[in-house]
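Below is one structure, written out as structure tokens; comments come after it.
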Amino acid sequence: MRLPTVLNIEGPVIVFGGGEVGMRKVEYLGAFGAHITVVDEEDITLPEGVGLLRRKITLDNLSGLIPVGTALVVAALSSRELNHGIAGHCRSLGILANVVDDPDVSTILFPALSMSGDVNIAISTSGRCPFLARKIREELDGGVEELANWLEVLSPVRERLSGIDEKNRVLELVYGDEETARLVRSGDLEGAKARAWEVYDVHSES
């Protein structure tokens, strides 16, 4: 079963392999504040805040390379055998593992992301075609900023409401208000917020 979800990961993250693919994973995870250590046999240059453990990687020494409390492991080595061995070791310990270009042995997949502010849209093809996921993300990128503006308008109104039914009903009224939508599209956040409160006040008085 593949269940799309959002994880709260607090433990350290280990990335095996400091090549191009591994560095893309470091950049991806680093954007969320992950505490990352890269394991590689070479002395490589890493972004600030990312640790390096320079070790020879074999199937026999994995237990010494993955400390207790590790939350997530990425296997981005050129060796398929090592990548699979890392995934199997993690599975035996209950640690989430992502094996690059091999969704069948991964216990976690990283979707393509379109982000603006606190709006994060994840796109996944379940590992079948990451290229298409990236293309979908590129098409969404143009509209995600507007969605982030909507979040800034709707969130304060939502906090004033109680009960799921009331929240959904009032937020639907605000979101469907043509003047609020026009202001959001134009980037006038303060005007949109003021108009949203007008719609809220009408609801409160009715």
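Any read-out appearing in this document is the output of simple, stated calculations on the displayed coordinates, not a laboratory observation. Please read all numbers here as calculations on a predicted model, not as lab measurements. Cβ sites come from the backbone with ideal geometry, for glycine too, and all protein chains shown count toward neighbours.
Between LEU173, GLY143, ALA194, whose Cα lies farthest towards the positive end of the dipole of the range 131-205 when Lys and Arg beta carbons carry +1 and Asp and Glu beta carbons carry -1, centred on the Cα centre? My answer, from the dipole projection, is GLY143.
Can you run the Rg to Rh ratio on the range 131-205? Use alpha carbon positions and the Kirkwood inverse-distance Rh.
Working: Rg = 14.2 Å, Rh = 13.2 Å.
On the Cα set of the range 131-205, Rg over Rh gives 1.08.
In plain terms, if you count all Cα to Cα distances in the range 164-206 and split them into 5 Å steps from zero, the share in each step is 5, 26, 31, 22, 11, 4 percent.
The Cα atoms of the range 13-110 give a gyration tensor whose axes a ≥ b ≥ c have a/c under 1.5, which makes the shape rounded.
Counted as membrane-span-like here are DSSP H helices of the chain whose alpha-carbon atoms extend 30 Å or more along the helix's own axis and whose Kyte-Doolittle mean is -1.0 or above; these are 130-160. Given their separation in residues at 0.36 nm each and the Cα-Cα distance between them, THR45 and LEU3 gain 11.6 nm when the chain is fully extended.
What shape does the range 1-60 take by its C-alpha gyration tensor, where a ≥ b ≥ c are the square roots of the eigenvalues and a/c under 1.5 counts as rounded, a/b above b/c as prolate, and the rest as oblate? Prolate is the answer for the range 1-60, as a/c is 1.5 or above and a/b outweighs b/c. Partners of LYS167 within straight-line reach, counting lysines whose Cα lies under 21 Å from its Cα and excluding those fewer than 8 residues away in the same chain: LYS193.
Which order do GLU10, GLU41 fall in if you start with the one that has the fewest other Cβ atoms within 10 Å? Display every interim value, and only then the final one.
Working: GLU10 9, GLU41 12.
Taking fewest neighbouring Cβ atoms as first place, the list is GLU10, GLU41.
For the range 71-127, the Kirkwood hydrodynamic radius comes to 12.2 Å, computed from all pairs of different C-alpha atoms. Is the chain best put as rounded, prolate or oblate by its Cα gyration tensor, with a ≥ b ≥ c the root eigenvalues, rounded for a/c under 1.5, and otherwise prolate when a/b is larger than b/c, oblate when not? Prolate is the answer for the chain, as a/c is 1.5 or above and a/b outweighs b/c. The mean sequence distance of close C-alpha pairs (under 8 Å, at least 6 residues apart), as a share of the length of the range 1-126, puts its relative contact order at 21 percent. Going from the fewest other Cβ atoms within 10 Å to the most, the residues SER106, SER79 appear in the order SER79, SER106. Extending 7 Å from the Cα toward the beta-carbon at both LEU147 and PHE131 defines two label points whose distance is 2.5 nm. The phi-based Karplus calculation (6.51 cos²θ - 1.76 cosθ + 1.60; θ = phi - 60°) puts the 3J(HN,Hα) values of the range 100-111 at 4, 6, 8, x, 5, 9, 7, 9, 8, 10, 9, x Hz, whole numbers, x for Gly and Pro.
Of the DSSP beta bridges with both residues in the chain, give the percent that are antiparallel, rounding to the nearest 5.
On the way: 5 of 21 bridges.
Roughly 25 percent of the DSSP beta bridges within the chain come out antiparallel.
Each residue, ASN120 and TYR175, gets one label point 7 Å from its Cα in the Cβ direction; the gap between the two is 2.0 nm.
In this structure, the amide hydrogen of VAL38, modeled 1.01 Å from its nitrogen in the peptide plane, lies closer than 5 angstrom to those of VAL15, GLY51, LEU52, LEU53, counting only residues at least 5 positions away or on a different chain. When the helices of the chain are scored as -39500 (n - 2.57) per DSSP H run of n ≥ 4 and the total is divided over every residue, the value at 222 nm lands at -15500 deg cm²/dmol.
For LEU96, the amide hydrogen comes within under 5 Å of the amide hydrogens of VAL73, counting only partners 5 or more places away or on other chains and with H modelled in the peptide plane.
How do HIS84, HIS89 line up, fewest other C-beta atoms within 10 Å first?
Working: HIS84 15, HIS89 18.
If I rank by nearby Cβ atoms, fewest first, I get HIS84, HIS89.
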